[in-house]
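The values are calculated or read from the model by the stated rules, or taken from the named source; none is laboratory data. Remember, it's a predicted structure, so these values are computed and weren't measured experimentally. Ideal geometry is used to build each Cβ from the backbone, glycine not excepted, and the neighbour counts take in all protein chains shown. Remember, those area values only see protein heavy atoms, side chains included, never the ligands or the DNA or RNA. Shrake-Rupley method; radii C 1.70, N 1.55, O 1.52, S 1.80 Å.
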Amino acid sequence: MLPMTAVTKGAAAALGSGCRRGVLGRRLIHDVLGRIPPCTTTTSPSLSEGETRTVDRLAADILSRNNGVDFSTQNMNRRIALSKAITMVESKATNKRLMADKLLEKLRQSAPDRNGRTSFRLGIAGPPGAGKSTVVEELGLYILGLKEQEREAQDTSFRPEKLAVLCIDPSSHVTGGSILGDKTRMSHLSYHPQAYVRPSPSSGTLGGLGAYTYDAASLCELAGYQMTIIETVGVGQSEVELAECCDLFLLMLAPGGGDELQGSKKGIVEVADILCVNKADGDTKALARQTANEYKKAMGLLRKPAGWWGGSHHHCEDETGSTDKAPTSPPVLLVSAKTGLGISELWETIVKYQQFAQQSGYLSEKRRLQNRYWMWKYLRERVYETAKNDPRGKTDEIERLLDDGLVAPRVAAGELWKSIVGRESDSEW
C-alpha cells in the first residue's frame, strides 16, 4: 500500500487555493495510479485434462437419449448431471466459470434443438406468502397428469412430458446463507419421475432471480425438459427482471393484495401477462373474488406493448382450426392451490399464449431480446469483478481517496474505468 501523507498534504494545499473539486480528484487519482506498475501480461486460463473430461461427461449425460441404458438409470444420471451443471454455472470460481462456459457451448452445439424452440418458460412472481410454491406444485402435477388424457383424446395441443422447476430462495444479507425451503412445499412434485425441482439462492441479486437463473433455465431446456417454471423470491412492485427470463409472466396475488388504484400503479403489474389471485377457498374466498374484481377494473387502464398476445388484432387458433379472439387486457384468474379451483382454466390460458407465441414468432423475438439483455448483464458483472479484484491495487488506492473525501464517487468510478480499459480521454465516460 502506498503512503498517502504527501498526497493528503498536497490535497489540503490545493483545496486552500480554491481548486475545483473534480479537477483535484482527477489529479490525485492520476498521481496515485501513476506510481502503480502496470499489470503484467498473463496467459488466458485453460481447462486441465481432468476438467475437460468432466465437461464432456456432463454433456454426454445431459444429452443422453435411449443409449441402451434402462429408463430409470438414464433419467437419474441425467438429473445428477443437470444438478452438477447448474451448480457449475452458479459458481464464481474462475475454473468453474470456465468449465461452465465450455459446457454451455458444447451443449448448444450438440443439442438437437439449439435454440430451445420447443421449450417454454413460465415465470411466476408475487409477494411473500401469496402461495407461489403451492400453486407451482398443483399446476405441475396437473400438467404431468394430462399426458394419459392426451393419448386417450388424441389431443395435439401443448402437453409437456417433462417439467423442470427452478425455485429462487432469498439469501441472507447478514450471513449470506439461504434456507432453500421452497422445495419442501413441493414434496409430491419433486418425487415425480418426469419432474426436476431445483432450489437456488438469490446470492444477494436484486430483481427476484439468482445471478445465473437464465443459464440454469437454458440447461434445463438442453436436458430435454419441454417446460421450465421459474419461481422468484417474494418480490415488490419494481422487481421485474423475471420478464427478461421467461416467455410468460404470471403474477400471483393474495386476497386483499390491493385495490383498483394499486392495480393501476406502474411496475410489476404492468409487465405481467396473467394475474392470478390465489387462496380462493374457505374464509378468504369472498375476499379473493373482490381482489380479482378490483384488478380486472385496473387492467383495462393498462396498455401492453405492440405484439403482445392480448392485442385486439391477434387471434389464437386452436388444434381444431377455430379462432378465438384473444383478450384485450391481461386476464385475471381465481385459483386455489388447496382445492384445485381454477388450475385447469389457468393451464388452458397458458396453452393459448404458448400457441400464439410459437405460431406468430413472438416467442423467437422475445428470446432474441432476452439473450441480448443477459449478455450485457453478464458483461457488467465481469467488469465489476475485474475492477474489484484488480491485482495492481488501483481499486484500493481509489477507495482510500474516496474515504478521505478527496474525490467524488462519480469521478472515482470514471477514473477506475479508464484504468481498466486503458483510455485517457474523458469523452468515453
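Nearest 0.05, what FRET efficiency do LEU47 and MET375 give at R0 = 25 Å with Cβ-Cβ as r? Efficiency computed from Cβ-Cβ geometry: 0.65.
Beyond 26 Å, how much of the Cα-Cα pair distribution for the range 176-294 remains, as a whole percent?
Of all Cα-Cα distances in the range 176-294, 29 percent exceed 26 Å.
Solvent exposure of the range 336-426, expressed per residue, is 56 Å² of accessible area, with all protein chains present and a 1.4 angstrom probe.
Suppose accessible area is computed on protein heavy atoms with a 1.4 Å probe; arrange LYS338, LYS366 from highest to lowest. Numbers along the way, then the final one.
Numbers: LYS338 170, LYS366 35 Å².
Sorted descending by solvent-accessible area, the residues read LYS338, LYS366.
Scoring 392-404, 367-379, 129-141 by mean Cβ neighbours within 10 Å over their residues and listing the highest first yields 129-141, 392-404, 367-379.
Structure note, pairs LYS285/LYS338; LYS132/LYS338; LYS96/LYS183; LYS162/LYS183; LYS92/LYS388: Cα-Cα distances above 19 angstrom occur for LYS96/LYS183.
How many percent of Cα pairs in the range 368-416 exceed 12 Å?
Of all Cα-Cα pairs in the range 368-416, 67 percent lie more than 12 Å apart.
Each Lys or Arg adds one and each Asp or Glu subtracts one; over the other residues with Cβ under 13 Å from the Cβ of PRO45, this totals +1. Apolar share of the accessible surface for the range 346-424: 54 percent from carbon plus sulfur atoms, 1.4 Å probe. Just the protein heavy atoms count here, and of the accessible area of the range 157-255 at 1.4 Å, carbon and sulfur take up 54 percent.
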